[in-house]
Amino acid sequence: MRNYLVSVLLLTSAVVPALSQAQNATVVKIGFSSPLTGPQASAGVDNQGGLQMAIERLNAQGTTIGGKKIQFVAMMEDDQGDPRSGNIVAQKLVDSGVKAIIGPYNSGVTIPASRIYNTAGIVMATVASNSQVTLQGFPYVFRVAASNDQLGGKMALYAAKELKIKTVSIVDDRTAYGQGLAAEFAKVAKANGIKVLGNDYTNDKASDFNAILTSIKAKKPDAIFYGGYSPQGGPMLRQMKQLGISSLMLGGDGICAPEMARLAGDALANQVYCTQSGALLNKMEAGMTFAADYKKRFGRSAETYAVSFYDAMMLVAQAMKEANSVEPQKYMAALEKINYKGVAGDYQFDAHHDLTQSPVTIFQFKNGAPEALSSY
């Protein structure tokens with residue numbers, strides 16, 4: 001009994017100061033939207049960790065804005081990677097009084113949800129890559145990662161110049177992300193001498209690709225470009241192996257995650273190349289530190305966009321500090337003019353609220369994990 005009481009007292013002594021600190025601070029709610037269930041849950045949990053780590057650090061530092069001590073609180077919502085769910089989540093977060101949205105992750109969720117956030121006057125910092133996200137002219141929408149133009153285009157350039165690809169078949173999942181990525185890849189590929197042998201379509205819930213792949217096999221392309229996500233990319237690669245298709249698989253950030261290897265199993269050799277937004281983190285001190293801290297905090301490695309969600313929260317907080325306000329209508333102007341050095345790179349925005357510079361890194365899967373090759 002004595003040990004139990006000692007434990008309770010120790011726990012109480014640790015919790016009371018934390019509660020007192022929170023009570024003496026102004027609570028600022030930050031919204032989060034990503035898929036936390038369903039086939040893309042791995043990406044969503046990765047994103048969640050990045051935001052959570054940023055908020056924990058800001059609170060530990062004792063952030064002060066406009067003379068008030070601030071306690072950031074994350075409102076974590078599961079949009080399931082689905083546009084309808086994303087709109088429900090958007091309205092819920094708006095009604096809860098959040099001062100910023102970090103997310104969504106999927107372009108198909110982001111495009112409709114962005115109208116809700118913008119109408120409510122809430123800043124949204126998203127990694128969604130479809131070009132339409134920032135071409136809607138919504139003043140509260142900011143993209144904190146590369147666009148499809150950059151992710152698809154750089155993959156096409158690398159395929160033409162470095163991999164010497166001459167022919168390619170294209171498959172996309174009909175999502176806003178997958179379609180946009182595939183269209184940009186095709187445009188740049190054709191401009192650089194790659195012949196596109198055909199365009200096939202699937203969906204982001206599919207698991208059987210045999211009909212598509214059998215048709216592609218007869219065309220004997222050097223590579224297959226897949227515009228979509230790992231939950232389909234992994235099984236597609238397995239079925240490519242079963243059908244004896246030796247073509248390279250190319251893609252964007254949607255397949256550039258360890259989940260691709262988990263789902264592809266022994267079908268994954270060294271034939272998968274993909275792009276991610278940002279510079280080579282393993283060559284930068286800040287990137288290596290972030291990766292180590294993330295693994296220590298969560299017991300798992302950071303995947304594709306944890307660092308972008310981390311940086312997004314930190315730069316929003318910096319804009320709030322510069323504006324001396326947590327109100328989006330006031331700090332939005334500071335965000336438009338911001339020059340912030342984050343973990344993944346430097347953040348400055350153009351007139352459309354896209355990054356003025358967004359390097360893209362080419363990865364190749366080796367030994368079951370994406371390994372950075374070069375920045376393009």
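Near Gln242, within a Cβ-to-Cβ distance under 15 Å, what is the net charge of the other residues, with Lys and Arg +1 and Asp and Glu -1? Local charge sum for Gln242: +1. Between Lys68 and Gln357, the modelled labels are 3.6 nm apart [label points 7 Å from Cα along Cα→Cβ].
Taking all protein chains together and rolling a 1.4 Å probe, Tyr305 ends up with roughly 10 Å² accessible. Every Cα-Cα pair in the chain was counted, and those over 29 Å apart are 42% of them. The Rg/Rh ratio of the stretch 41-133, with both radii computed over alpha carbons and Rh defined as the Kirkwood radius, is 0.99.
Around the Cα centre of the chain, unit charges on the Cβ atoms of Lys, Arg, Asp and Glu (plus for the first two, minus for the last two) sum to a dipole of about 360 debye. Across the options Phe309, Ala323, Pro359, the greatest Cα extent toward the positive end of the charge dipole of the stretch 297-376 (unit charges at beta carbon of Lys, Arg, Asp, Glu) belongs to Phe309.
Largest accessible area first, the listed residues Met75, Met332 line up as Met75, Met332 when surface is computed with a 1.4 Å probe on the assembled protein chains. Checking every one of the GluC sites (Glu not before Pro) in the stretch 259-304 against DSSP loop status and a limit of 15 other Cβ atoms within 10 Å picks out no site at all. Exceedance of the 21 Å cut-off in Cα-Cα distance is limited, within the set Lys187/Lys341; Lys164/Lys219; Lys161/Lys195; Lys154/Lys341; Lys69/Lys321, to Lys187/Lys341; Lys154/Lys341. Entry note, the stretch 48-102: relative contact order of 25 percent, from Cα contacts under 8 Å with a spacing of 6+ residues. Would you mind checking the tilt of helix 107-120 against the longest principal axis of the Cα atoms of the chain, expressed as 0 to 90 degrees and rounded to 10? Approximately 30 degrees, to the nearest ten.
Remark: the Asn210-Lys29 segment gains 60.5 nm on full extension, using 0.36 nm per residue and subtracting the alpha carbon distance.
Taking a sphere under 11 Å around the Cβ of Ser129 and counting the other residues whose Cβ falls inside, with K and R at +1 and D and E at -1, yields a net charge of -3. A viscosity of 1.306 mPa s and a temperature of 10 °C, combined with the Kirkwood radius over Cα pairs in Stokes-Einstein, give a translational diffusion coefficient for the stretch 179-246 of 125 µm²/s. Measuring nothing but how far apart in sequence close Cα pairs (under 8 Å, 6+ apart) lie, relative to its length, the chain scores a relative contact order of 17 percent. Residues of the stretch 227-241 with backbone nitrogen within less than 15 Å of a virtual label 7 Å along the Cα-to-Cβ line of Asn203, please, listed as ranges. Of the residues in the stretch 227-241, 232 have backbone N under 15 Å from the label point off Asn203. From most to least packed by mean Cβ count within 10 Å, the peptides 142-149, 264-271 give 142-149, 264-271. The solvent-accessible area of Ile102, taken with every protein chain present and a 1.4 Å probe, is close to 0 Å². The residues packed around Gly193, meaning those with a beta-carbon under 15 Å from its beta-carbon, carry a net charge of +4 if Lys and Arg are +1 and Asp and Glu are -1.
What is the distance in Å between the Cα centres of the stretch 53-113 and the stretch 140-155? What the calculation gives is 21 Å, centre to centre.
Assuming a ≥ b ≥ c are the square roots of the Cα gyration tensor eigenvalues, decide whether the stretch 269-376 counts as rounded (a/c under 1.5), prolate (otherwise, with a/b larger than b/c) or oblate. Note, shape of the stretch 269-376 comes out prolate.
The stretch 250-298 and the stretch 171-205 have Cα centres separated by 22 Å. Modelled label positions at Lys195 and Lys241, each set 7 Å beyond Cα in the direction of Cβ, lie 3.0 nm from each other. Comparing Leu213, Leu135, Leu263 in a Gaussian network model of the chain (Cα springs below 10 Å), the most mobile by mean-square fluctuation is Leu135. Result for the chain in a Gaussian network model with C-alpha springs under 10 Å: among Asn203, Asn130, Asn87, the largest mean-square fluctuation is at Asn203. For Asp208, the solvent-accessible surface with a 1.4 Å probe is about 110 Å², rounded to the nearest 10. Quick check on the chain: of the DSSP beta bridges with both residues there, what percent are antiparallel, nearest 5%? Roughly 30 percent of the beta bridges in the chain run antiparallel, per DSSP.
The values are calculated or read from the model by the stated rules, or taken from the named source; none is laboratory data. Model, not experiment: these values are computed from the prediction. Reconstructed Cβ throughout: ideal geometry from the backbone, glycine too, with neighbour counts over all protein chains shown. Heads up: the accessible areas ignore ligands, DNA and RNA and are worked out on the full protein's heavy atoms, side chains in. Shrake-Rupley method; radii C 1.70, N 1.55, O 1.52, S 1.80 Å.
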